[in-house]
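Working notes for the structure below.
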Amino acid sequence: METNRKPLRVLSHTLKRYHFGVGLMCLFVWSAEAHKCKEAFMRYDGLVSCEEIMLPLEVPRSTQKLTLHRHNISVLPERAFSANGTDMDLRVLSLQDNNIQVIESRAFCGLPRLVSLDLSHNRLRVVSPGAFYCLERLRNLNLSNNLMTSGAGQLPLALSNDSLRNLQRLDLSVNSFKVIPLSGFGNLNLTTLILTNNSIGTLDKRNLSTLNEFTEIRVYLSQNPFDCECKKVKAFYDWLNNSSQCADVASLKCARPEKKKNTLVRDLEMKGMECQSSDARSYVLLGIVLALIGVVFLMVLYLNRRGIKRWLNNIREACRDQMEVYHYRYEQDSDPRLANVAV
């Protein structure tokens, strides 16, 4: 009986060692694959969890949604997401919080079916003029909390290419814009423009005229420090009250001057803004000042009329004496006999 149990114990011990070895091997293989982004793409089909990402990436062609968050991707090179040179089926690409600082020309080429691109919470310093080439089907572009000063200056040119002619929603919130970068919007088909929480003080007539060209656009402008001095806000105020393009008009508040702080921009007229008569009041005040100066001048003349009369008489007498001297000399010079006597 003992002799029969001994082989069983040996076999059991051998199987335990085998399973332990297989487990270690699987753990090693799994750990090795977890650090390879290509393997991660194959396993998770778009949801990547790699410690390091090297661009360009060979994304499986069937991937439709790709999310890369919190990776240190400083530069997006040409064809960053189609290293194998074939067009991908990717529809949604999210690149939030990756410390992206440079987008090179044609960075998204190879993604002709991309509909939504999220680049928010990065630090864009360089945006190439061809950064958004090859994105003919793009509808939604999120650049919120993203642009450095240099990147903001380069954005209008990057948006002006024909590849974005189907773009409908553009998010530029939290970017410290002082004016709307409208110079690059002429070719776009925007229906939603988000500019909340920037540094926009007002919209001048040129900006408003450009916005009016987008008949179906809805603009979001809340949490901007609007300057409500009459001359600066007049055109903007009229646009808010005569147009339906601003979707959050009920949230727009004045930041300056101090006496109008937190006042709703569209309610300025009810708060006694009176912008229409400000210029007229200025001209009236100028006229009153000039009239007072004229009155003072006439009063001085009246109070000194005797002295002025005496002064004028003295000048007249002096002029008469001088003219008589000139007349006498002229008569002497005109008579030749007087001239010979003089010799």
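The values are calculated or read from the model by the stated rules, or taken from the named source; none is laboratory data. Given the structure is predicted, the values throughout are model-derived calculations rather than measurements. Every residue, glycine among them, receives a Cβ derived from its backbone with ideal geometry; neighbour counts consider all protein chains shown.
Taking only region 198-213 into account, find how many residues are assigned to a loop (DSSP other than H, G, I, E, B), in contact with a Ser or Thr (Cβ under 8 Å, 6 or more places away or on another chain) and surrounded by fewer than 19 Cβ atoms within 10 Å (Cβ to Cβ).
Total satisfying the criteria: 1.
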Only one of PRO129, PRO77 is closer than 19 Å to PRO181 by Cα and surrounded by fewer than 16 Cβ atoms within 10 Å (Cβ to Cβ). Can you tell me which? PRO129
Residues of region 109-119 classified as modelled with pLDDT of 95 or more, part of a loop (DSSP other than H, G, I, E, B) and surrounded by 18 or more Cβ atoms within 10 Å (Cβ to Cβ), total: 2
Which residues, taken from region 94-108, are assigned to a loop (DSSP other than H, G, I, E, B) and closer than 15 Å to LEU55 by Cα? LEU95, ASN98, ASN99, ILE100, GLN101, GLU104, SER105, ARG106, ALA107, PHE108
Report yes if some residue within region 278-288 is part of a loop (DSSP other than H, G, I, E, B) and at pLDDT below 90; otherwise report no. no
Restricting attention to region 160-180, and to residues there that are buried (at least 16 other Cβ atoms within 10 Å of the Cβ), of a type in the set (Gly, Ala, Ser) and in a loop (DSSP other than H, G, I, E, B), which single residue is modelled with the lowest pLDDT? SER160
Among all residue pairs at least 6 apart or on different chains, which show Cβ distances below 8 Å where the first residue, located in region 226-246, is under 22 Å from PHE214 (Cβ atoms) and the second is small (Gly, Ala, Ser)? PHE226/GLY201; PHE226/ALA255
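Taking the condition of being outside any loop (DSSP other than H, G, I, E, B) and among the small types (Gly, Ala, Ser), how many residues in region 238-269 meet it?
Selection size over region 238-269: 3.
Residues checked against (1) out of contact with any Gly (no Cβ under 7 Å at 6 or more places or on another chain); (2) at pLDDT 90 or above:
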{"position": "ASP227", "(1), (2)": "no, yes"}
{"position": "VAL233", "(1), (2)": "yes, no"}
{"position": "TRP239", "(1), (2)": "yes, yes"}
{"position": "PRO257", "(1), (2)": "yes, no"}
{"position": "ILE293", "(1), (2)": "yes, yes"}
{"position": "PHE297", "(1), (2)": "yes, no"}
{"position": "LYS309", "(1), (2)": "yes, no"}
{"position": "MET323", "(1), (2)": "yes, no"}
{"position": "PRO336", "(1), (2)": "yes, no"}
